[in-house]
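Every read-out reported here was derived from the displayed coordinates using simple, explicitly stated rules and does not represent laboratory data. Owing to the predicted nature of the structure, the values given are computational and were not obtained by experimental measurement. Note that each Cβ is placed from the backbone with ideal geometry, even for glycine, and that neighbours are counted across all protein chains shown.
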Amino acid sequence: MGDQGEDLNICAPPGIIVTTDEGAIIGELNADGDRVLVARGGRGGSHRSDFLPSKGRSQHIRLDLRLIADMGLVGFPNAGKSSLLSVLSHAKPQIADYAFTTMRPEIGRILYEDHRQVSIADLPGLIEGAHMNKGMGHKFLKHVERTKQLMFVELELYKEELLSKPALLVVNKMDLPETQEKLQELLHQLKYQEDFVGLLPEDMVPKKGLEFEHVVPVSAATGQGIEELKARIRQSLDVQIAGATEELHKERIQELQKIRRPPGGNAGARGSVREPRREGQMGPAM
Ligand SMILES: Nc1nc2c(ncn2[C@@H]2O[C@H](COP(=O)(O)OP(=O)(O)OP(=O)(O)O)[C@@H](O)[C@H]2O)c(=O)[nH]1
Ligand SMILES: [Mg+2]
């Protein structure tokens, strides 16, 4: 009858979906402390089974970190991220004239005329040294990882970790005096970045140039530029999705070509890209 076997626990962060290799969902981990049973252990032997233990299940699984949103709003405290979310979507985030009003992500959705929805996450403000856990630090960066793209609200925010995603730069509060001049200055600096790098403290100099897909001046207060911003968000995500789909198709076609090529070579001209499609069942899924 022996001792009970120990449970095998595997720790994973919240926001994980556990699936089989085929993509069937076994369970979700949405909050701290959530648990999902992936494979039940076998029963121990008893007098009913002639003391023979039964075998437990084994199961191959995938852990997918779910995106919290298509776009994440990134900016210094008070830049007006929550105000922007409230005019872009129907979300009603808390807005106030003090830093760190937003403590956890709030998601809003933009609904486009063709019924496509884009989700925007309003994130806590980012300050210098977030990567050293200052301000909302690590929490902030963890949320940022889970968005497809970033929408920077005002500039100085280029933290290198954040620059690997496509990004839009939104210049908010354009209703305030002198913002027009500041915007021109900013556009000039972006265009001639190398000339300005010398003015920055060494640890703030980005290794990679700043590239924004679009720079959009807006005012959350008056609504100026908000429609254009919505259009830019959509455009930018559509381009990214189209790029990813094309990449996937290329990979599939390459895989199919490998399968088609007989082991002894002899693929010749017949191994063209179109060949596999004619066989029907193996064409790339659209
Ligand atoms: N004049 C003007 N004020 C704005 C605009 N957008 C936001 N504000 C004001 O700026 C302040 C901060 O706005 P929030 O939207 O709370 O800023 P936030 O970036 O979400 O701030 P945190 O959550 O603390 O990081 C509030 O007093 C807003 O009313 C704007 O376009 N023009
Ligand atoms: Mg906020």
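Worth a mention:
- Karplus-derived 3J(HN,Hα), 6.51/-1.76/1.60, for each residue of the range 23-39, Hz, glycine and proline x: x, 6, 7, 8, x, 10, 10, 9, 9, 3, x, 4, 10, 10, 7, 8, 9
- Protection-proxy order for peptides 225-237, 28-40, each taking the mean of Cβ atoms within 10 Å per residue, highest first: 225-237, 28-40
- Computed over the range 1-66, the Cα gyration tensor eigenvalues convert (square root of 5λ each) into semi-axes of 30, 14, 7 Å, ordered from largest to smallest.
- Backbone amide hydrogens, once placed in the peptide plane, bring T102 within less than 5 Å of G125, excluding anything fewer than 5 places away on its chain.
- For the range 171-176, putting each phi into the Karplus relation 6.51 cos²θ - 1.76 cosθ + 1.60 with θ = phi - 60° gives couplings of 9, 8, 6, 5, 7, 6 Hz, in residue order, rounded to whole numbers and with x for Gly and Pro.
- Relative exposure of K55, K142, judged by other C-beta atoms within 10 Å (fewest first): K55, K142
- Cα-Cα over 29 Å, subset of K142/K250; K81/K142; K142/K191: K142/K250; K142/K191
- Extreme residue, positive dipole direction of the range 1-66, given options S54, L37, G23 (C-beta unit charges): S54
- Taking amide hydrogens as placed 1.01 Å from N in the peptide plane, the amide H of V216 sits under 5 Å from those of L169, V170, V171, each at least 5 positions away in sequence or on another chain.
- Distances between placed amide hydrogens fall under 5 Å for I26 paired with V18, T19, T20, all partners being 5 or more residues away or on another chain.
- Our coupling estimate for the range 78-84, obtained by passing each phi through the Karplus curve with A = 6.51, B = -1.76, C = 1.60 and θ = phi - 60°, is 6, 5, x, 5, 5, 4, 5 Hz, Gly and Pro reported as x.
- By average C-beta atoms within 10 angstrom, highest first, the peptides 44-51, 58-65: 58-65, 44-51
- Around A221: net Lys/Arg minus Asp/Glu count, Cβ-Cβ under 14 Å: 0
- The range 1-127: C-alpha gyration tensor shape, a/c 1.5 cut-off, then a/b vs b/c: prolate
- For the set K148/K182; K139/K165; K92/K182, the pairs lying more than 23 angstrom apart at their alpha carbons are K148/K182; K92/K182.
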